[in-house]
Amino acid sequence: MSFIPTTPVTVKDSNGIANPAPLGLCAFGMTTVLLNLHNAGFFEMNSMIFAMGLFYGGLAQVIAGIIEAKKNNTFGLTAFTSYGFFWLSLVGLLVMPKLGWVAPASESAMIAYLSIWGLFTFCLFFGTLRLNRALQFVFASLTVLFFLLVAGDATGNPAIKHLAGYEGIICGLSAVYTGIANVLNEVYGKTVLPIGPVAAK
């Protein structure tokens, strides 16, 4: 079963389980847009970003991943659950030092953190080559985002971090588009918003 249906389908599968991919994609995408509005310099890091990362980007994606497991979708399980816990871990990295629980992560630690997530995303990108063009763009742009953030931290250049913010906004919006396309294509039973399905080989 694919991560996102490549042809219009009914809202539920034969087991009565709805498609969780739109939830996961929108949770990831909307949270990514809001964080990267901060990275681009539009506003400070604040409780709105923490709350989105904890509840929507974090918990909602984990829930989507668990449902994907019930649908026997290994890619969806791996992606949604992993990125859900990415958001939870990121909130933890930022909040726990403020609570006095642990020392803040060093610059080199954050570079390692972002690098390993960039590598993980790059590996998952190859899975999207069998799925659809929309997901390929999401994962390719997310890989670029992680490594732009790495470059920004490694060089200390604020211009690179701002560039990463704008690129992250595009990445997040592409995920929201893919999620909403999946919803509308299912509801209307036809392609309302194209996602570029890849021909099966």
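The values are calculated or read from the model by the stated rules, or taken from the named source; none is laboratory data. Note that the structure is predicted; figures quoted are calculated from it, not measured. When we count neighbours, we look across all protein chains shown, and the Cβ atoms used for this are built from the backbone with ideal geometry, even at glycine. Remember, those area values only see protein heavy atoms, side chains included, never the ligands or the DNA or RNA. Shrake-Rupley method; radii C 1.70, N 1.55, O 1.52, S 1.80 Å.
Things worth noting here:
- Taking amide hydrogens as placed 1.01 Å from N in the peptide plane, the amide H of residue 193 sits under 5 Å from those of 185, each at least 5 positions away in sequence or on another chain.
- Counting only protein heavy atoms and a 1.4 Å probe, the chain has 49 square angstrom of accessible area per residue.
- Of the trypsin sites (Lys or Arg not before Pro) found in region 88-181, those that fall in a DSSP loop while having at most 12 other beta-carbon atoms within 10 Å are 98.
- Test item: Cα-centred dipole of region 66-201, Lys/Arg +1 and Asp/Glu -1 on Cβ, debye: 400 debye
- Here is the result for region 151-199: no chymotrypsin sites (Phe, Trp or Tyr not before Pro) lie in DSSP coil with at most 13 other C-beta atoms within 10 angstrom of their C-beta.
- Qualifying GluC sites (Glu not before Pro) for region 18-119 [loop in DSSP, other Cβ within 10 Å: at most 13]: 44
- Sulfur and carbon atoms: percent of accessible area, the chain [1.4 Å]: 71 percent
- Relative contact order of the chain, defined on C-alpha pairs under 8 angstrom at six or more residues apart (%): 32 percent
- When Rg and Dmax of the Cα atoms in Å is calculated for this entry, the matching label among [x] 20.2, 66; [y] 17.1, 54; [z] 20.3, 76 is [y].
- Positive-end residue of 164, 57, 110, charge dipole of the chain with Cβ unit charges: 57
- Separation of alpha-carbon centers, region 124-201 and region 13-55, rounded to whole Å: 13 Å
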